[in-house]
Amino acid sequence: MEFFKSPNVDWMGKAKYFVALSTLLLLTGFLAWLHTGGLLYGIDFRGGTLVYVRFAQAPPTAHIRAALAEQGLGDSSIVPISDPSDPQSKNDLMIGLKEIGGVTERLDAGRAAIMEALTKTFPGPAGKQDFNAVTPEDLATYLTQQDPLHLGVSAATQYQQLAKALTRYRDADSGGLVRSIAEIAKAPGATPAVVASLEQHYYPGTFVIRDVQIVGPQVGSQLRRQAILATLYALAGMLVYIAFRFEWVYGAAAVIAVFHDVLITLGFFCLFKYEISLTVIAALLTLVGYSMNDTIVIFDRVRENLRLMRKEPFPDIVNRSINQTLSRTILTSGLTFIAVLVLFLMGGRVLRSFAFAMVVGVVVGTYSSFGIAAPIVVLWNRFRGVKVPGGAASGSGGRPSKERAAGRRLATAGRR
């Protein structure tokens, strides 16, 4: 399938615009890095406790941060994590805490610290308990004592089942947060008498802790180091392969382009405050392979055209090669972009950072193949004075010129 019939774009003539765009993106990412204080590492790498909180209304982040500071948690991170595919998560926050207590205490300590800070910020009516925080056991005990259904001696078992039904409605149907006690009437078994009894003792809290996660700092540091080494090993292996398959300058250009892609992607992570997790590292490694593959396709066409267009200037050969692979690039990159964009929009919170890295990486990795890697090779050949890689011999004693020597090397590489 071809989207364009014989395109004739002077890509190398526009290389300065690609370099300017990349410089702008890298500078933006660097400024975002300075503004945010660095990358936001996830629980996998940072160590500590992450507490996921859902609010009934838009949470006042400044007040929450001040309440955390009063609890000695001023260095905590507060990140909105709303999910477009889940309307109930539009007011969710992820609060990251450093280590609190020993290994076995951190989950309870982190939850308790957040609860204390948020309770001071969002106090409830005196003498009432938060229905959004009550457990099925406590709710069953209360209903058994009050016996709003007048069940008598058989109340305990039936009220245990009713309590489970009420909390199941709260957690599953209301996203863990009911906005009013009257809303509980929609739950199975919630008669008017039950709702009236609950209104006397409970109130609908404005927030609820959805989840608490923890990881040790030693494990996080080890994972971070292994992630960096995995990326570097992948780049080194690709450099060796391309240097053997083509020439070393092609491998160097491809690796520089991949570094460019990773740095810009990380800059976007700083700019939009996405976390770096193990799934993001997987996305970056996928990006490395994807960008490298696209670059190799162009370089392989350059090598073929060097044998067919031996008297053409090298920049023209590169332009022709990019134009010949343009339809293939648009087809593969376009389909990949659509797939990861759908994953980003509809994949949920767990895959959000992974999909974001892929969305940015596919776009940047595609344009860097012809906007960064190819111009580097052209610039190197221009620096060496190679204008016609496969041209005729020089007129002095029939000695091969630099152009013919370069053509021979590439032709030899093509037969490997």
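The values are calculated or read from the model by the stated rules, or taken from the named source; none is laboratory data. Keep in mind that what you see is a predicted model, and the values were worked out from it rather than measured. A quick note on method: Cβ atoms are made from the backbone with ideal geometry, for glycine too, and the neighbour counts reach across all protein chains shown.
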**Q.** Meets criteria (in contact with a strand residue (DSSP E or B) (Cβ under 7 Å, 6 or more places away or on another chain), touching a residue at least 40 places away in the same chain (Cβ under 8 Å) and within 23 Å of SER89 (Cα to Cα)) for LEU40
**A.** yes
Q. Only one residue in GLU275, GLU304 is in the same structural domain as SER221 (by TED's automatic domain parsing), surrounded by fewer than 17 Cβ atoms within 10 Å (Cβ to Cβ) and at negative phi, so which one is that?
A. GLU304
(Q) With the structure loaded, tell me whether THR121 is surrounded by 15 or more Cβ atoms within 10 Å (Cβ to Cβ), in the same structural domain as HIS201 (by TED's automatic domain parsing) and over 29 Å from HIS63 (Cα atoms) or whether it fails that test. (A) no
Q. Only one of GLU199, GLU183, GLU247 is surrounded by 19 or more Cβ atoms within 10 Å (Cβ to Cβ) and either touching a residue at least 60 places away in the same chain (Cβ under 8 Å) or over 36 Å from the mean Cα position of the chain (by Cα) (or both); which?
A. GLU247
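One line per residue, one yes/no per condition, for (1) modelled with pLDDT under 90; (2) surrounded by 19 or more Cβ atoms within 10 Å (Cβ to Cβ); (3) within 24 Å of the chain's Cα centre (by Cα):
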{"site": "MET1", "(1), (2), (3)": "yes, no, no"}
{"site": "PHE4", "(1), (2), (3)": "yes, no, no"}
{"site": "ASP10", "(1), (2), (3)": "no, no, no"}
{"site": "ALA15", "(1), (2), (3)": "no, yes, no"}
{"site": "VAL19", "(1), (2), (3)": "no, no, no"}
{"site": "LEU26", "(1), (2), (3)": "no, no, yes"}
{"site": "PHE45", "(1), (2), (3)": "yes, yes, yes"}
{"site": "LEU50", "(1), (2), (3)": "yes, yes, yes"}
{"site": "ALA62", "(1), (2), (3)": "yes, no, no"}
Q: Give the number of residues within region 355-398 that are over 25 Å from ASN305 (Cβ atoms) and at pLDDT below 90.
A: 4
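For every residue, the table says whether it meets (1) in contact (Cβ under 8 Å) with a residue 12 or more places away in the chain; (2) surrounded by 19 or more Cβ atoms within 10 Å (Cβ to Cβ).
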| position | (1), (2) |
| --- | --- |
| THR135 | yes, no |
| SER154 | no, no |
| ALA187 | yes, yes |
| PHE207 | yes, yes |
**Q.** Among residues of region 31-43, those that are among the hydrophobic types (A, V, I, L, M, F, W, C), surrounded by 14 or more Cβ atoms within 10 Å (Cβ to Cβ) and farther than 30 Å from PRO123 by Cβ, counted
**A.** 4
**Q.** Wholly enclosed helices (runs of 4 or more DSSP H) of region 277-351 bearing at least 3 residues over 22 Å from LYS14 (Cβ atoms)
**A.** 278-308, 326-346
